[in-house]
Amino acid sequence: MWKQTNEKKKEAFDAVDKGELQRAIDLFTEAIELNPQSANLYVCRASTFLKLRMPHAAISDCNQLDYDENTYTMLKEVEAETQSFTQCWRKHEEKCNTESFTEKMERMKEALVDPESTQTKIPLKTPKHQDTISEEQE
């Protein structure tokens, strides 16, 4: 059992090195099934889940662990990575939203400074009732 577990673990690390993260998850899962008491396997799989941007799955793995001192330390590391990942993700979303807003503001400023250039870009449609009024005045 230990030999099979170590083989699966080694294959999983090789898969991580090659960037085959889903395959690594599957291999870590097989190793965990062979040795469910190995806290290290849960931590390795949790780290791989983080690389796949799956923080909730990583936390779920961490919750499976027994709380000895080493496991607690590893859990805190994974939680810190998860928190860091979440913060980076939020900053990225904010940046995208800010860039879009800034771009729109620049277009509005341009329209205020030079309305004719904006009108050539956006054709104005005359409302139908406006055409009727013009014809009646003639």
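The values are calculated or read from the model by the stated rules, or taken from the named source; none is laboratory data. What you are looking at is a predicted structure, and each value in this text was computed from that prediction instead of being measured. Methodologically, a virtual Cβ is constructed for each residue, glycine included, from the backbone with ideal geometry; neighbour enumeration extends over all protein chains shown.
Okay, here's what the table says:
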{"item": "Residue match in the range 65-76 (condition: outside any helix (DSSP H, G or I), closer than 21 Å to Lys9 by Cα and more than 21 Å from the chain's Cα centre (by Cα))", "result": "yes"}
{"item": "Test result for Lys125, modelled with pLDDT under 80, of a type in the set (Lys, Arg) and over 30 Å from Ala31 (Cβ atoms)", "result": "yes"}
{"item": "Test for Lys51: is it modelled with pLDDT of 85 or more and surrounded by fewer than 18 Cβ atoms within 10 Å (Cβ to Cβ)", "result": "yes"}
{"item": "Failed condition for Ala24, given (1) modelled with pLDDT of 90 or more; (2) surrounded by 16 or more Cβ atoms within 10 Å (Cβ to Cβ); (3) over 25 Å from Thr86 (Cα atoms)", "result": "(3)"}
{"item": "Residues of the range 31-54 satisfying the condition of being closer than 15 Å to Glu77 by Cα and hydroxyl-bearing (Ser, Thr, Tyr)", "result": "Tyr42, Ser47, Thr48"}
{"item": "Residue satisfying condition, being of a type in the set (Gly, Ala, Ser), at pLDDT 85 or above, out of contact with any Gly (no Cβ under 6 Å at 6 or more places or on another chain) and surrounded by 11 or more Cβ atoms within 10 Å (Cβ to Cβ), within set Ala111, Ala39, Ala31", "result": "Ala31"}
{"item": "Among the residues listed as Ala15, Ala46, Ala24, Ala39, the single one being among the small types (Gly, Ala, Ser) and touching a Phe, Trp or Tyr at 6+ places or on another chain (Cβ under 8 Å)", "result": "Ala24"}
{"item": "Qualifying residues in the range 74-90 (those that are surrounded by 11 or more Cβ atoms within 10 Å (Cβ to Cβ) and farther than 12 Å from Pro55 by Cα) - the one modelled with the highest pLDDT", "result": "Glu77"}
